[in-house]
Amino acid sequence: MKHPGDLLSAYVDGEASAAERRMIDEHIGECAGCRDDLADLAEVRGLVQSLALLEMPKTDTASGIARRLLRPALAWAFSGLAVAALALGLAFAPGESESTFDLDALRDQHTARLVVDPGISTVRGGP
Amino acid sequence: MSDEPVPSWEEVAREHGRKIYNFAYRLTGNADDAHDLVQEVLLRVRRGLDAYRPGSFDGWLWRITRNAFLDEVRRRKRRPSVPLPEDDPGGVDPSPSPHDELAKVRLGEDIQRALLRLPYDFREAVVLCDVVGLTYEEIAEAVGIPIGTVRSRIHRGRRMLKELLT
């Protein structure tokens with residue numbers, strides 16, 4: 001009797017083919033070891049799936065992304081004009097955001113990025 | 001593999017940011033590392049969206065996510081003063097709560113610790129399957145391995161978890 005092995009995990013994930021499912025159904029009717037394995041795998045799968053889907057911490061993701069975006073742009077900032085444009089652009093950006101994903105802030109800070117680096121295409125999907 | 005419309009960058013951030021965070025958190029057990037990874041991934045998505053052609057968006061997104069994660073691990077290996085994911089089990093003392101909630105928190109911590117003890121390939125496969133919810137085909141595309149290998153890694157990862165949690 002050939003044991004299904006890793007097909008058992010595919011079975012609990014709904015990733016086994018119809019033929020494989022039939023074979024496993026028949027097999028576990030006769031094989032207590034594989035029946036126990038199947039129960040263990042389903043239990044472990046359920047435990048990992050039961051882990052809470054965590055919220056992002058309440059830190060300023062928008063500013064973090066903007067900082068990273070602006071990092072390469074510092075090379076452009078050798079001219080006073082670029083520095084001034086950057087300052088103006090950032091002046092329009094909201095301050096510290098408490099939200100997980102403050103998309104308005106992100107969009108505004110992207111706009112600031114576009115001022116110093118016009119090679120970046122416009123943000124898609126904006127209002 | 002279905003053809004899906006190309007989402008905007010904001011849609012990616014809104015709809016996938018939390019899952020990217022959870023992917024990184026479950027692989028590292030570290031909230032700061034996970035938060036940094038979300039920023040890095042969203043930047044890479046921002047740069048890559050123009051070149052993206054409709055196909056399996058999840059496969060594309062999670063390939064970027066995985067590559068960003070591995071780049072970060074490699075970068076930290078070059079700066080060993082920063083703990084590597086494997087060195088930092090990241091247990092958090094549970095805050096006071098009712099008994100059943102406390103039990104749930106402790107169980108969650110046990111599962112997280114057990115995940116962190118799995119070799120990376122197995123941990124990644126289990127997290128992509130059971131935390132992120134990708135199909136085997138999407139995992140194969142994201143990781144760049146055959147579906148048979150995905151199946152084997154998930155299976156072996158779960159068996160190891162069972163041993164660790166027993």
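What ³J(HN,Hα) values, in whole Hz, does the Karplus curve 6.51 cos²θ - 1.76 cosθ + 1.60 give for the stretch A:3-20 when θ = phi - 60°, with x put for Gly and Pro?
7, x, x, 6, 5, 5, 5, 4, 5, 5, 8, x, 9, 8, 6, 4, 5, 5
Run the Debye formula on the Cα coordinates of the stretch A:7-49, all scatterers equal and no solvent, and tell me log10 I(q)/I(0) at q = 0.19, 0.25, 0.30 1/Å.
The calculated log intensity ratios at q = 0.19, 0.25, 0.30 Å⁻¹ are -0.53, -0.85, -1.06.
Report the gain in length on full extension from A:Ser17 to A:Glu43: 0.36 nm times residue separation, minus Cα-Cα distance, nm rounded to one decimal. Show your work: numbers first, answer last.
Numbers: separation 26, 0.36 × 26 = 9.36 nm, distance 2.16 nm.
Gain in length upon complete extension: 7.2 nm.
Sort the following peptides by mean Cβ neighbour count (other Cβ atoms within 10 Å, averaged over residues), highest first: A:41-49, A:5-13.
Values: A:41-49: 17.7, A:5-13: 21.4.
Ranking the peptides A:41-49, A:5-13 by packing returns A:5-13, A:41-49.
None of the figures in this text is laboratory data; all of them are computed from the coordinates on show. The structure displayed is predicted, hence computed values, not measured ones. Backbone-built Cβ (ideal geometry, glycine too); neighbour counts: all protein chains shown.
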